[in-house]
Every structure is written in C-alpha cells, then in structure tokens.
1. Tally time: how many residues in the range 220-231 are crowded, with 17+ Cβ neighbours inside 10 Å and either small (G, A, S) or part of a helix (DSSP H, G or I) (or both)?
2. Here is a list: D123, D113. Which entry is in the same structural domain as T16 (by TED's automatic domain parsing), within 30 Å of T17 (Cβ to Cβ) and surrounded by 13 or more Cβ atoms within 10 Å (Cβ to Cβ)?
3. Given the structure, is E80 assigned by TED's automatic domain parsing to the domain that holds R119 and either acidic (D, E) or at negative phi (or both)?
4. I want to confirm something. Restricting to the range 176-227 and keeping residues that are of a type in the set (S, T, N, Q) and at pLDDT 85 or above, which single residue is farthest from S253 (Cα to Cα)?
5. Every residue in the range 209-252 that is among the small types (G, A, S) and under 22 Å from K20 (Cβ atoms), please.
6. All but one of (1) assigned to a loop (DSSP other than H, G, I, E, B); (2) at pLDDT 95 or above; (3) within 24 Å of I116 (Cβ to Cβ) hold for K20; which doesn't?
7. Output the residue which, of all residues in the range 78-110 that are among the aromatic types (F, W, Y) and out of contact with any strand residue (DSSP E or B) (no Cβ under 8 Å at 6 or more places or on another chain), is surrounded by the most Cβ atoms within 10 Å (Cβ to Cβ).
8. Restricting to the range 155-173, count the residues that are among the acidic types (D, E) and within 19 Å of V189 (Cβ to Cβ).
Amino acid sequence: MELNLTRPLAFIDLETTGIKVATDRIVEICILRANIDGSTKIKTQRINPEMDIPPVVIAIHGITNEDVKDCPTFKDVAYELVQFLNGCDLAGYNSNHFDIPMLAEEFLRAEIDFEITGRKLIDVQTIFHRMEPRNLFAAYRFYCDKELLNAHSAEADTIATYEILKAQLDKYKDKEIKDRKGDLFTPIVNDMKALSDFSSQTRNADLAGHIVFNAKKIEVFNFGKHKGKPVAEVFQTEPSYYHWIMKSEFPLSTKKVITSIKLRGFNQDDVKLELF
C-alpha cells in the first residue's frame, strides 16, 4: 500500500560510535525522503565522528576508523542535511528512542536547532511490537497453538517456556537464514551450545554488559571514559579506576568479573575482593 502523505516523510537510520546520545557520535547517516507525489530520494553520508569507534561497535556495523578518517564531520554536512529534512515528518526503526534523539543532539552540537515540534514521528519498531507482541503469552500461542493459563505464575510460565523451545526446534529445523556477511547458516539445531551462541545478542563478559569482549576476544569496558579500552590495560595504567568501580553501585557479578581480570596481572594478595 502506498503511503497517504500530506507532507514528505523522511526515514532515518544511523550508524554510530555507540548508543549514548550525550557522548557518542554518528559515523553514517541514511535518509530516504518519501515525497507526496510518490517519488523517493535517498541521501547516504559517511561521517568522521572525531572520536575512535570502539572495536565492539566496529564488529556490529563494520565501519572502521580508517573508513571515516577522511570523511566530513557532522558540522560540515549539517546544513545540507537539515535542508534535506526541511518540512518532513520523521520515521525509522526504533527512531523515537535512538535515531531522532541522536540526530537532534548532533545538530545542536553543530549549532543548528533541529526543531521536532510539529513533526509527526513514526516508529516502525513500535508499530511492530504493539501489533505483534513478543511476550511469553504470544510465543506460547504462536509456537504451541495453546493459550497460556495462569500466566505470571512461576510454574505455568516455566512449563510454557520448556514447551516453546521444543516447538521452536521443530518449526525451524533445517531453516536457513543469512548472517551479517550474507552467508547462509542454520541457527536452530538441537545442540545447546549452538542455541546459546544464537541466543547471545552481545558478547558480554559480565551479566550486565558493562564488560564485553572485543573482536580479539579481549575484555573491554562498555561504558564510561574508558569505553572500548581493555580492562586489564586500564587497571595497570589507572589502578584507582578499579577501586572506583568496586565502591560504586555496580552489580556484584560485574565486580567479580573485573576482580578476576585484575588478578591475572597482579599478585592475588595485592587485590582485595571488595564484594561485600
């Protein structure tokens, strides 16, 4: 169905250095402008973020620091972009929570007040999630063709989850999908390691995702001023950072992981486990 537009609708997608609107930067922007007459125009631009792209992020979108080192900064292209978006409503996938706030932040850094007021904001992900709920009740009905009775009781939910996994193994047996490189593979097999690998959305070293593995399988920080830097390296050059984490409100599981990393490079007697 063609869009019923009364003004242009701009679909926006960003690739960035991370997910923190206040501190991360755009490295690539694509805007598809759907016009009232049914025509479309696409603008795609790589951008020098003026900061390093962490290895863990490069592993996701594939854009390296070398790729963008000679590209214009956001400020260089900001006026051209704001003109392209002039008079448009805005759309995207998870755009209300990420892309539009990030884009507005970049415009403000470039001293351009990108006004959102008066624009219609359409988030395709929100429509998807509200129309196709991704909760246990919906999964039980979809995979097992049953209604979940006594939902939110621990026993009923646990039994339903067990039945859903078995049904998923039947439904997706031999089903191929493409990985990020475009290669076909069969992810759903009756093997717990394979299912665990496929279930992992990130390469977390700790449960909370504060520490992650980079492309070289080295634990790096996923937050703060040392984001993207190897944990062991930071603790050697700035020992006080370890003690700050241990005294701050981080999960005990995170503190356990960073203590284990610290112990690798130091005599265990020199490191106090300050978990309690």
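1. 2
2. Details: D113 fails: surrounded by 13 or more Cβ atoms within 10 Å (Cβ to Cβ).
That would be D123, the only listed residue that is in the same structural domain as T16 (by TED's automatic domain parsing), within 30 Å of T17 (Cβ to Cβ) and surrounded by 13 or more Cβ atoms within 10 Å (Cβ to Cβ).
3. The answer is yes for E80.
4. T186
5. Of all residues in the range 209-252, those among the small types (G, A, S) come to 209, 215, 224, 228, 232, 240, 248.
Matches in the range 209-252: G209, A215, G224, G228, S248.
6. (2)
7. F107
8. First, pick out the residues of the range 155-173 that are among the acidic types (D, E): 155, 157, 163, 170.
With the extra rule that they be within 19 Å of V189 (Cβ to Cβ), the set shrinks to 163, 170.
Within the range 155-173, residues that are among the acidic types (D, E) and within 19 Å of V189 (Cβ to Cβ) number 2.
The values are calculated or read from the model by the stated rules, or taken from the named source; none is laboratory data. Because the structure is a prediction, the values reported are computed rather than measured. Ideal geometry is used to build each Cβ from the backbone, glycine not excepted, and the neighbour counts take in all protein chains shown.
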